[in-house]
Amino acid sequence: MLLRGLFWGALGALAWTHAGYPLAAGLAARLRPRPVRRDPSAEPRVTVVVAAHDEDSVIERRLENLLALDYPPERLEIVVASDASADRTDQLVEAVAAREPRVRLLRCPRGGKVAAQNRAVARSDAEVVAFSDANATWAPDALRHLVASLADPEVAYVCGQLRLEAAEGSNQEGLYWRFETWLREQESALGSITGGNGSIYALRRADYVDVDPRFGHDLAFPYLMVQRGRRAVYEPAAHAFERPTPSNETEYRRKVRMFEHCWLITLRGGMLRRLPPGYLVSIVSHRVLRYASGVLHVVLLGTSALLLGAGAVYTLVFLAQAALLAAAAAGVPVARYVVYVTWATVVALRNYLLRGVPATWEAAEGTR
């Protein structure tokens, strides 16, 4: 009975997080949408924060892109929070700042991305603070779309749509990311998203929260806003562009680092407290079960192997998993991506339990 219970529990949880919940969210978003009261004419004062550590290869391009935004120049400030950069990042920012008063360099001691962002926000008196990665590019109207959503008094946080440029190698992240952005749109229509992205997002300055430097804003801010009775929404018209890592192998290493932070927030961040029932279902379905998918797959593989001969369903599930692993071993790109990303959740959990999570970060391979 125990083996069968573990098998059906793991199978049910995987089926729900990958298929059942997305279908339910899409249906619920159609039946009971909660639109954002956008104001396209809104022009609050904005500080755009770019956290940077050794970004001399891209920082000038990032600043020129932000300076070219379709937004009133007198309402826009750009702060590069340099996390103890040891290359030419600081000098390049200072050179731009010398000719452009909207740009400011903030030197920070090495403490990680979130610590640098916290310092930058503490020195801003703008109504809105927006954030971007150093290697991202924003569409000219991206900031206008972000602040238009923040004009809704119920909205505290808004993230835009990250569009991944075509990978030069074998990385299949784009396939997953298209599904993820669709699901994010359904969650936003229901009320609030369960996760953002670091390339393009903004908050009301009054709603900003200093979080543990080991936490990422992407996962922490949405549920923190909901816990405070506010909304965290997705604005698909606000476009940012980034290069993905070039291969499934480099994406695996990036995912391990990312999931380490996700496990920390999930287990220590209080993300399941004081949430409305519907949003709690979304958090568990989309985040908790998704991060546990590797463990669930290991349980499913082990129990189906032990239950071979006890019924056709156990054999079919075992053969399906064996076929996926064989396809990955044979080099089928999509299969390799699925196996790598799933296994990354297990390795990240092991790393978190053994050594914790560092606050500092390094640029992902091949994304600059």
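Things to note:
- Those residues of the stretch 195-218 which are open to solvent by less than 10 Å² (accessible area, probe 1.4 Å) and not in a loop (DSSP other than H, G, I, E, B), in sequence order: Tyr201, Ala202, Leu203, His217
- All told, Ser192 meets the bar of being under 27 Å from Ala126 (Cβ atoms) and either in a loop (DSSP other than H, G, I, E, B) or basic (Lys, Arg) (or both).
- Of the residues making up the stretch 199-224, those that are hydroxyl-bearing (Ser, Thr, Tyr) and under 25 Å from Thr137 (Cα atoms) are Ser199, Tyr201, Tyr208.
- Cβ-Cβ under 7 Å pairs, at least 6 apart or on other chains, the stretch 242-255 side of a type in the set (Gly, Ala, Ser), far side outside any loop (DSSP other than H, G, I, E, B): none
- Residue within the stretch 75-87 that is over 18 Å from Val129 (Cα atoms), touching a Cys at 6+ places or on another chain (Cβ under 9 Å) and not in a loop (DSSP other than H, G, I, E, B) present: yes
- Count of residues meeting criterion [open to solvent by less than 10 Å² (accessible area, probe 1.4 Å) and touching a helix residue (DSSP H, G or I) at 6+ places or on another chain (Cβ under 9 Å)] in the stretch 52-70: 5
- Condition check for Glu74: open to solvent by 60 Å² or more (accessible area, probe 1.4 Å) and out of contact with any Gly (no Cβ under 6 Å at 6 or more places or on another chain): yes
- Checking Leu296 against (1) surrounded by fewer than 20 Cβ atoms within 10 Å (Cβ to Cβ); (2) more than 24 Å from Arg228 (Cα to Cα), the condition it does not meet: (1)
The values are calculated or read from the model by the stated rules, or taken from the named source; none is laboratory data. In this text, all values refer to a predicted model and were calculated from it rather than measured experimentally. Glycine gets a Cβ as well: all are built from the backbone with ideal geometry, and neighbour counts include every protein chain shown. When the accessible area is computed, the model is the full protein with side chains, heavy atoms only, and any ligands, DNA or RNA have been set aside. Shrake-Rupley method; radii C 1.70, N 1.55, O 1.52, S 1.80 Å.
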